[in-house]
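Notes to accompany the following structure.
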């Protein structure tokens, strides 16, 4: 099946700094990618839909100025957590759908963010 | 997107068959039912997808009754490595794209 990668797999940063997380579709093109956040023992929460060449669509309650999403190419979307705070510590997961291969959605391995 | 209801947790023993039921009373005509598996600190992994009746693949079966208001994921002869969280998602994947996750079912398999 198709592969989605994320980089880094884990990151530790200091409060107030910004962190960028990359999501790549390795063997297919994805016009749309999705970003989720997951806290311990909880389900995945959709943060935003990333559209190639246009602005991202954020879910209600997600601060678009804090979580910057850029989808500059058909294989890469980035999520930047700006001015990170300890409460932003979470597991961030991206996903993408290979529209040419059917309706299965592929998820990345996730990025563990810890803000100290 | 249709809201789903699953048991929060289930326990089983190795070698047993596990059936996880998901309720989706408001499922729409064009909605499909998809199940994902997630291990700790990993992204969800696709298990199986169906629209009606029964679907089977190499890892699971999916049973969907005629009214489609529920579905049952069946895992034959589970092993310790099947300990994970299982999510049932319902939606018209051809038009809405985004997937909204419910609470999921935490399956614990004991030796």
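The values are calculated or read from the model by the stated rules, or taken from the named source; none is laboratory data. Model, not experiment: these values are computed from the prediction. Cβ atoms come from the backbone with ideal geometry, glycine included; neighbour counts cover every protein chain shown.
Please specify each residue of segment A:53-90 satisfying the condition of being under 14 Å from residue A:116 (Cα atoms), assigned to a strand (DSSP E or B) and free of Cβ contacts under 8 Å to residues at least 40 places away in the same chain.
none
Condition check: surrounded by fewer than 20 Cβ atoms within 10 Å (Cβ to Cβ) and either assigned to a loop (DSSP other than H, G, I, E, B) or in contact with a helix residue (DSSP H, G or I) (Cβ under 7 Å, 6 or more places away or on another chain) (or both). Does residue B:100 satisfy that?
yes
Being outside any loop (DSSP other than H, G, I, E, B) and free of Cβ contacts under 8 Å to residues at least 24 places away in the same chain is the filter; apply it to segment B:1-48 and report the residue that is nearest to the chain's Cα centre (by Cα).
Top of the filtered list is B:46.
Any residue at all in segment B:79-97 that's in contact (Cβ under 8 Å) with a residue 24 or more places away in the chain, over 22 Å from residue A:42 (Cβ atoms), facing chain A (nearest Cβ under 9 Å) and more than 15 Å from the chain's Cα centre (by Cα)?
There is at least one residue in segment B:79-97 that is in contact (Cβ under 8 Å) with a residue 24 or more places away in the chain, over 22 Å from residue A:42 (Cβ atoms), facing chain A (nearest Cβ under 9 Å) and more than 15 Å from the chain's Cα centre (by Cα).
Is it true that residue A:114 is over 13 Å from the mean Cα position of the chain (by Cα) and part of a strand (DSSP E or B)?
yes
If you scan segment A:75-116, which residues turn out to be surrounded by fewer than 16 Cβ atoms within 10 Å (Cβ to Cβ), away from chain B (no Cβ under 12 Å) and touching a strand residue (DSSP E or B) at 6+ places or on another chain (Cβ under 9 Å)?
Correct list: A:80, A:82, A:85, A:86, A:87, A:114, A:116.
Would you please list the contacts, defined by Cβ atoms under 9 Å and residues six or more apart or on different chains, that run from a residue in segment A:101-115 that is closer than 14 Å to residue A:39 by Cβ to a residue that is modelled with pLDDT under 80?
none
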